[in-house]
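Below is one structure; the comments refer to it alone.
The values are calculated or read from the model by the stated rules, or taken from the named source; none is laboratory data. All values derive from a computational prediction rather than experimental measurement. Cβ sites come from the backbone with ideal geometry, for glycine too, and all protein chains shown count toward neighbours. Side chains are part of the model used for accessible areas, which takes the heavy atoms of the whole protein and leaves out ligands, DNA and RNA. Shrake-Rupley method; radii C 1.70, N 1.55, O 1.52, S 1.80 Å.
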Amino acid sequence: MRVVILESGIAVSERAADLICQCVQSCDSPVLGLATGGTPLATYAELIRRYESGKVSFSKCTTFNLDEYVGLPEGHAESYRVFMQENLFAKADFEMESCHLPDGNETDLAATCAAYEERISRSGGIDLQLLGIGSDGHIAFNEPGSSLASRTRPKALTEQTRLDNARFFNSPEEVPRLAITMGIGSILDARKILLLATGENKAAAVREMAEGPLSASCPASALQLHANATVLLDPAAASQLKRSEYYKHVEKIQQELEQNSFR
Ligand code: PGA
């Protein structure tokens, strides 16, 4: 896991946009795994800026979102489809037929989940998966206790997650109790993973993910198994890490290696 501690949340979004644009520009048919929530918003805004200034095009991208609530009416302001539409897809040149989210309104949820996995696999798999992290260590809606081998499936949300997400709804009771989520196994299949965390309320989860044991109790710790996972943090999210000086040292050497200036 490459842990990169940056000077601010803005720096996190700029570095994330650099890595996403690199992926989009280096693949013939890029397949992006995308996330919702507060954390990726600044990154999406930066991607839109780069599109508007002609630096990048997303027209060849296929995208798969991590998750969607079950049972919100189509077009509901808090559905993840609407979130993606408003915060990214409609503001750049994405082809809408290539932008996929699980459908939380299908009656046969098991078949919907299997079809989603099948679609990802037919697209050639995900080149770069963007992730946030929950304050309880979840990734996507894989709550603590989720199998590290899990695939796309319906998942009951914890009360903590419902409370965390209540800020987007009129009242906590309106937050759905069920979502469809890609599994931890599905996420680990991505060729690259990019997890972003900002703010003090993520510091404990970030510590567990990077320095705790590999455990279903902290679903994000599964990233320890991935050979190409990068974690971008602001100082507050990194504040409980024990090895932060070492990560900064590694990052300096890594940058020298990438610029061929290592000696
Ligand atoms: P947040 O959510 O970006 O809104 O903090 C992250 C997550 O729950 O994965």
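Summary of values
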item	result
Two-decimal Rg/Rh across the chain, once Rg and the Kirkwood Rh are taken from alpha-carbon atoms	0.95
Most mobile listed residue (Ser217, Ser79, Ser98) in the chain, GNM with C-alpha springs under 10 Å	Ser98
Among Met209, Met182, Met96, residue whose mean-square fluctuation peaks in a GNM of the chain (springs only between Cα atoms under 10 Å)	Met96
Gained length - Arg2 relative to Asn228, 0.36 nm times residue gap less alpha-carbon distance	80.6 nm
Partners for Lys242 among aspartates and glutamates (Cα-Cα distance below 12 Å; same-chain residues under 8 apart left out)	Glu208, Glu211
Alpha-carbon Rg/Rh ratio, for the range 50-139, with Rh computed the Kirkwood way	0.98
Spread of Cα-to-Cα distances over 5 Å intervals beginning at zero, given as percent, for the range 117-263	2, 9, 16, 20, 19, 15, 10, 6, 2, 1, 0, 0
Per residue accessible area in Å² of the range 58-126, where ligands, DNA and RNA are left out and the probe is 1.4 Å	48 Å²
Fraction of accessible area attributable to carbon and sulfur, the chain (%, probe 1.4 Å)	49 percent
Order by protection proxy (mean Cβ within 10 Å, highest first), peptides 187-200, 151-164	187-200, 151-164
In nm, spacing of pseudo-spin labels at Glu159 and Ile253 (7 Å Cα→C-beta vector)	4.6 nm
The chain: relative contact order as a whole-number percent, Cα under 8 Å and 6+ apart	25 percent
14 Å beta-carbon shell around Leu195, net charge (K/R +1, D/E -1)	+3
Pairs from Lys60/Lys192; Lys55/Lys155; Lys192/Lys248 whose Cα-Cα separation, in the structure shown, is over 27 Å	Lys55/Lys155
Mean Cβ count within 10 Å, highest first, over the residues of peptides 54-64, 19-29, 245-255, 130-140	130-140, 54-64, 19-29, 245-255
Label-point separation, Glu86 to Arg119 (7 Å along Cα→Cβ), nm	2.2 nm
Candidate aspartates and glutamates - alpha carbon under 17 Å from Lys91, same-chain residues fewer than 8 apart omitted	Glu46, Glu52
Shape call, the range 181-263: gyration tensor on alpha carbons, a/c limit 1.5	oblate
Rounded to the nearest 20 debye, dipole of the chain from Cβ charges on Lys, Arg, Asp, Glu	740 debye
Per residue accessible area of the range 145-263, 1.4 Å probe, in Å²	51 Å²
Size of electric dipole in the range 1-59: Cβ of Lys, Arg +1 and of Asp, Glu -1, about Cα centre, debye, nearest 20	40 debye
Proximal charge balance of Ala238 [Cβ under 15 Å; K/R count +1, D/E count -1]	0
Dipole-positive endmost among Gly33, Gly71, Gly104 within the range 26-109 (Cβ charges, Cα centre)	Gly33
